[in-house]
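I have placed the structure first, in the form of structure tokens, so that the comments after it can refer back to it.
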Amino acid sequence: MQKVYLDNAATTQVREEVIAKMQEALAHYYGNPSSTHSFGRSAKTAVEKARKTIAKTLNAHPSEIIFTSGGTEADNMILRCAVRDLGVETIITSKIEHHAVLHTAEELENEYKISLKFVDLDEDGNPKMEHLKELLDADDSKKLVSLMHVNNEIGNILDIHAIGELCKEKGALFHSDTVQSVGHYPWDVQSIHIDFFTAAAHKFHGPKGIGFAFIRKNSGLKPMIFGGSQERGFRAGTEPFHNIVGLEEAFVQAYEHLDEEISFVKELKRHFVEKIEQEIPEARFNGLSGDLDKSTYTLVNVRLPFDKQKALMLLFHLDIKGIACSKGSACQSGSNMGSHVLNGILSGDELEKPSLRFSFSMYNTKEDIDYTIGVLKEFAAS
């Protein structure tokens, strides 16, 4: 049976170079980075090298890179500490953010009695700038805007420069969940007015359990996790040295090969969109995911013309055929609830049809896509 992995927005295959670096670290550099002897110093040197490598690529200062267990922890840390330490009284976000942001903001509303506001979205799922301006002008409370750069389900790309400039004009803090874009797009933090963003290594062919937060210098944030002085006092706990080394290698490889991999993966997406339009013309793309110029090159979210009964069997059928994709974000895969993102932009009969997210990487081929769409077409005709 052919095996086709098209769920790269959930997690990616780890690069061989990353595995080799991590194996070397596990075998030879096992000292605690906080120890002062040579074993510890060797590990500490490698941790700081990784921090400097990432910072240089982002045009950031090394002190602005804080290693975390991934994007969810980084989002939690930034939002919670902004309310606790910076006096944020209003969080403005959207209803189609990742739950790492939405659930954290909802908890902060209950715990700290902050005001939680949602910016209106257009029919494609983009935030309406005029409404965002209204929310920012509504009162004199200290505000934080949290809007993701690339939506993990429908692939819409936020105009992060425009949002940043608006936040700067209105005196608001700006945080973005950039888990789907770091490692896939070039970054220069000096050209964007952004205070905080987040990344996870496993989204760009690195290991799970490691990521980082970008926290602008002199932000005023204090630690969320206490118990040690690691990560320049921002995050207590022994650094997962092997994971940090793996993150660094995945990050380096991603940006060394960025242009060629964007070109390759974008062509895969183009092929997928064209084949769907040819073979299943009744299908529709959700959000802007079918637009090669207005959405990320890494994924599509397609609404298929199947009735409820067939929809119940669709993912099972694909799995039996060796095809991995996602009904929604991977964080919801064990839930019977529908996608909150699609519920936020679709209505009526649109929600009755099954939608699937297919996401691509450099390890995929056009043959993978032809096989997948052939299976979908066969299923539609059955």
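The values are calculated or read from the model by the stated rules, or taken from the named source; none is laboratory data. None of the values given here were measured: they were computed from a predicted structure. FYI the Cβ positions are ideal-geometry reconstructions off the backbone, even for glycines, and counts take in every protein chain you see. The area values use the complete protein model at the heavy-atom level, side chains included, leaving out ligands, DNA and RNA. Shrake-Rupley method; radii C 1.70, N 1.55, O 1.52, S 1.80 Å.
Structural remarks
- Considering region 133-154, and only residues there that are over 11 Å from the mean Cα position of the chain (by Cα) and acidic (Asp, Glu), the residue that is most open to solvent (accessible area, probe 1.4 Å) turns out to be Asp140.
- The sole residue among Ala9, Ala20, Ala55, Ala60 that is farther than 15 Å from Glu239 by Cβ, surrounded by fewer than 15 Cβ atoms within 10 Å (Cβ to Cβ), at pLDDT 95 or above and not charged (D, E, K, R) is Ala20.
- At least 2 residues being modelled with pLDDT under 85 and within 20 Å of Glu267 (Cα to Cα) is the threshold, and among the helices (runs of 4 or more DSSP H) wholly inside region 305-382 not one reaches it.
- With respect to the conditions (1) closer than 26 Å to Phe264 by Cβ; (2) open to solvent by less than 10 Å² (accessible area, probe 1.4 Å); (3) part of a helix (DSSP H, G or I); (4) of a type outside the set (Phe, Trp, Tyr), Lys203 lacks only one, and its number is (2).
- If the condition is being assigned to a helix (DSSP H, G or I), in contact with a Leu (Cβ under 6 Å, 6 or more places away or on another chain) and not charged (D, E, K, R), then region 66-118 contributes Cys81, Ala82, Val83, Thr104, Ala105.
- Long-range neighbours under 9 Å by Cβ, at least six apart or interchain, first residue more than 30 Å from Ser191 (Cα to Cα) within region 36-64, second open to solvent by less than 40 Å² (accessible area, probe 1.4 Å) and part of a helix (DSSP H, G or I): Ala43/Ala25; Ala43/Phe241; Lys44/Phe241
- Search result, residues across region 34-52 that are of a type in the set (Lys, Arg) and open to solvent by less than 40 Å² (accessible area, probe 1.4 Å): Arg51
- Filter pass, Ser289 being open to solvent by less than 60 Å² (accessible area, probe 1.4 Å) and outside any helix (DSSP H, G or I): yes
- Val179 passes every criterion in (1) open to solvent by 10 Å² or more (accessible area, probe 1.4 Å); (2) in contact with a helix residue (DSSP H, G or I) (Cβ under 9 Å, 6 or more places away or on another chain); (3) more than 27 Å from Asn243 (Cα to Cα) apart from (3).
- Considering region 216-243, the residues that are loosely packed, with under 14 Cβ neighbours inside 10 Å and polar (S, T, N, Q) include one that is farthest from Ala20 (Cα to Cα), namely Asn218.
- Val4 being closer than 17 Å to Gly183 by Cβ and of a type outside the set (Lys, Arg): no
- Evaluation of Tyr30 against (1) at pLDDT below 95; (2) crowded, with 20+ Cβ neighbours inside 10 Å (one fails), failing number: (2)
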